[in-house]
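Presented below is the structure to which this report refers.
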Amino acid sequence: MADPSHSHRATEDWSARQYLKFEDERTRPPRDLLAQVPLDDPRRVADLGCGPGNSTELLIERFPNAEVIGVDSSPDMLRQARERLQRCTFVEGDLSTWMPEQGTDLLFGNAVFHWVPDHPRVLARLLQSLSPGGVLAVQMPDNTNEPALMLMEKVAASGPWAAAIAQAQRNDLPRPEDYYDLLRPLCRHIDIWHTHYNHIIESPEGVVEWFKGSGLRPFLAPLDSSLRETFTAKYTDEIRLAYPVRSDGKVMLKFPRLFILAAR
């Protein structure tokens, strides 16, 4: 998730339409994260890596009196977000360097920071930018050891596309203990947890469609249309073996995510 609002490495823009094919499933983690945010009436809220606005909409519903802004690096995602939430402010920005305005009480990052280079350092910088009482709340896919992600690398290494996509794979996230040791000195309270979602997908081909909107993007972006088609077909064959259909013909996609909530 890998989620797509935010790769700085793909050579073409993220597709909001592809991402939103699974909007209900992709909106569950930000709902679960937001439920733990200990704020009643923040003044200013920033949705970092807002994507097409599905997470921003949750923030507006939860905090109707707050000024809510969305930040993303993808023009297509921002276009979709502006169409969805016409009264909200959306800005293009790179989270590696972006800084919140003074008076921001909540920095909310849904499935974005795993795409940001040296993201632990960036999280520490953003946490330190908050005033006392401010909250940093993020969730990231922690699924690099799941079959769907490992098979991307397997297929990538075994075909004529290997050289073109050698740098596409994501790094594993640091351990929860590492985030704790980095961020705990900067805040009065921190909570770190994992949730393992089991998303019910219509078919193995549906699993491939899911990752076309996120983790597959950096693998497919450098390829021409013919190689993309061949890569996708080979990946689909591997997914069918790794994710057998259940009793009703559907597929269960296990998807672990890491959540961090830090209050200044």
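The values are calculated or read from the model by the stated rules, or taken from the named source; none is laboratory data. Predicted model, so just to flag it, every value in this text is computed and none were measured. Cβ atoms come from the backbone with ideal geometry, glycine included; neighbour counts cover every protein chain shown. Accessible surface areas use protein heavy atoms only, side chains included; no ligands, DNA or RNA. Shrake-Rupley method; radii C 1.70, N 1.55, O 1.52, S 1.80 Å.
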* Residue check, residue 137 against (1) in contact with a Phe, Trp or Tyr (Cβ under 6 Å, 6 or more places away or on another chain); (2) open to solvent by 10 Å² or more (accessible area, probe 1.4 Å), all met but one. Which one? -> (2)
* Structure fact -> Residues in the stretch 156-202 that are open to solvent by 30 Å² or more (accessible area, probe 1.4 Å), within 15 Å of residue 139 (Cβ to Cβ) and outside any helix (DSSP H, G or I) total 7
* For the stretch 44-63, indicate whether the set of residues that are open to solvent by 10 Å² or more (accessible area, probe 1.4 Å), outside any helix (DSSP H, G or I) and more than 16 Å from residue 109 (Cα to Cα) is non-empty. => no
* Just checking, which of 229, 238 is assigned to a helix (DSSP H, G or I), of a type in the set (D, E, K, R), farther than 25 Å from residue 35 by Cα and out of contact with any helix residue (DSSP H, G or I) (no Cβ under 7 Å at 6 or more places or on another chain)? -> 229
* Select from the stretch 111-167 the residues that are among the acidic types (Asp, Glu) and out of contact with any His (no Cβ under 9 Å at 6 or more places or on another chain) and write down the one among them that is farthest from residue 34 (Cα to Cα). => 153
* Since residue 79 meets every condition but one in (1) without any contact (Cβ under 8 Å) to a residue 60 or more places away in the chain; (2) more than 30 Å from residue 175 (Cα to Cα), which condition does it not meet? -> (1)
* Asked: Do we have residue 67 as within 27 Å of residue 132 (Cα to Cα), open to solvent by 20 Å² or more (accessible area, probe 1.4 Å) and touching a residue at least 40 places away in the same chain (Cβ under 8 Å) here?
  -> no
* Qualifying residues in the stretch 70-86 (those that are over 15 Å from residue 49 (Cβ atoms) and either out of contact with any Gly (no Cβ under 7 Å at 6 or more places or on another chain) or part of a helix (DSSP H, G or I) (or both)) - the one least open to solvent (accessible area, probe 1.4 Å) -> 84
